[in-house]
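The values are calculated or read from the model by the stated rules, or taken from the named source; none is laboratory data. Please read all numbers here as calculations on a predicted model, not as lab measurements. Here the Cβ is made from the backbone with ideal geometry for all residues, glycine too, and neighbour counts use every protein chain on show. Areas reflect the complete protein model, heavy atoms only, side chains present, ligands, DNA and RNA absent. Shrake-Rupley method; radii C 1.70, N 1.55, O 1.52, S 1.80 Å.
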Amino acid sequence: MNEATTPTAASIDILNARIPGCKDLQMLAVDETGIIQEVCPMDKIFKRISPPDLQVFDAAGDWISLGGVDLQINGALGFAFPDLESKDIEVLSKISQFLWNQGVDAFLPTLVTTSLDKFRRSLSTIANYIRAEKTANPATNQTKKAEIIGVHLEGPFLNPQKRGAHPVEFLLPLTIENVKQVLGDCAEVVKVITLAPELDSTGEVIPYLQSLGIAVSLGHSQATAEQAQRAFVSGASMVTHAFNAMPSLHHREPGLLGAAIVYPGVKCGLIADGKHVSPTMIDFLLRAGNYETGVFLVSDALAPLGLPDGVYPWDFRQIEVRKGTAWIRLDYHTPLESATLAGTTLPLLAGVQNLVKWGICEPESAIALATESPRKAMGISGIIGKPATQLLRWNLNAATKELTWHRLF
């Protein structure tokens, strides 16, 4: 079977595959509708009754995984998600197609701190897009796209001292009333919100957000370890771009990140571009967090994702992209060394490749950090029951140690 084809109306067995989280070589059974029905060790397949129209594909020991899930991505193709308006449904469609081609199955468009009006316009546009995609006729909508599974609000409830590139004039006190103001009528589309827990003097906001089905991620915060632990006890379950926009680890005050590493069930988002966090500290975090058990990769990509290096507008400021890293300037005259690190324009799966290239991870863990771990963080099921069109094939060049991937179908 050709690797670039779409599954036909016949059952397919994918043999000799390495699957993250599975020991030894595996077989994946795909039914005639293209849905993955079973994963089992190769030495057990003799017990399986094969359909009469079975096709066979040999993965030859390469890794097979679902595509990536990006829980923090701010835009792409020159468009920032906080700028969405009702007329931009087609923009979201194009970005979703682009991300599919970048190996991403699903993502959370991330809205950084902005005005209440822009929050509401963007949320409404994304909600309308999701509804339209769900009601689209599959027979007439054959374009492959990454799924928008909801929205990540990165702000506006952030500590001004750790706001990073977020405009201070739009930050808001962390109260239930202000949360309601931001969410408006679109609470159901918001799946993750980043906030600074020390801003909530009542301790009521995190339980309230949980009651709405919104996962709470701690970030852009000055929280002490004690304050962070209280937030985790209240239900916070994630950390936004670990190490960035939070106190440094210290042996007497471990801070937000230290509390997260040792608290059961908390997962830390990590940008593996080598700029936001040094490879040495990435190695440290992965070991401390037990790799994909406590960490997941994010791109934190900005609007120029998919565009060449250069200078781009961003609200009233400007982003300069150099070698995939985005710096924010107040104007063209601000020297780059005085600019603020704002994000990246590297796609999610580049982080997987970096971890292997740097010798920090074996391919299995690196792949899982972008594919399985973010799914678990969001309560999304794994490979069984998923369309085979979501599968990626990964190959490690033994000589160069380069990890490459492509869509299997």
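When the residues of the range 340-372 are narrowed to those that are among the charged types (D, E, K, R) and either free of Cβ contacts under 8 Å to residues at least 24 places away in the same chain or closer than 14 Å to L71 by Cα (or both), which ends up least open to solvent (accessible area, probe 1.4 Å)?
Step one: of the range 340-372, the residues among the charged types (D, E, K, R) are 357, 362, 364, 372.
With either free of Cβ contacts under 8 Å to residues at least 24 places away in the same chain or closer than 14 Å to L71 by Cα (or both) added as a condition, the list becomes 362, 372.
Working: E362: 137, E372: 39 Å².
Ranking the qualifying residues of the range 340-372, first place goes to E372.
Of all the residues in the range 116-164, those that are in a loop (DSSP other than H, G, I, E, B) and open to solvent by 10 Å² or more (accessible area, probe 1.4 Å) number 14. Give the residues of the range 50-91 that are surrounded by fewer than 18 Cβ atoms within 10 Å (Cβ to Cβ) and closer than 13 Å to E147 by Cα, sorted by residue number. Scanning the range 50-91 gives no hits.
Kindly indicate whether K94 is assigned to a loop (DSSP other than H, G, I, E, B), modelled with pLDDT of 95 or more, open to solvent by 10 Å² or more (accessible area, probe 1.4 Å) and on the phi < 0 side of the Ramachandran plot.
Numbers: assigned to a loop (DSSP other than H, G, I, E, B): no; modelled with pLDDT of 95 or more: yes; open to solvent by 10 Å² or more (accessible area, probe 1.4 Å): yes; on the phi < 0 side of the Ramachandran plot: yes.
No; evaluated as a whole, the condition is false for this residue.
What about L285, is it touching a residue at least 24 places away in the same chain (Cβ under 8 Å), open to solvent by 50 Å² or more (accessible area, probe 1.4 Å) and not polar (S, T, N, Q)? It is false that L285 is touching a residue at least 24 places away in the same chain (Cβ under 8 Å), open to solvent by 50 Å² or more (accessible area, probe 1.4 Å) and not polar (S, T, N, Q).
Restricting to the range 66-100, name every residue that is among the polar types (S, T, N, Q) and either under 24 Å from H241 (Cα atoms) or free of Cβ contacts under 8 Å to residues at least 40 places away in the same chain (or both). So that I can check it myself, show each step before the final result.
Going through the range 66-100, the residues among the polar types (S, T, N, Q) turn out to be 72, 74, 86, 93, 96-97.
Within the range 66-100, Q72, N74, S96 qualify.
Put simply, of R322, R375 the only residue that is open to solvent by 20 Å² or more (accessible area, probe 1.4 Å) and either over 18 Å from N244 (Cα atoms) or modelled with pLDDT of 95 or more (or both) is R322.
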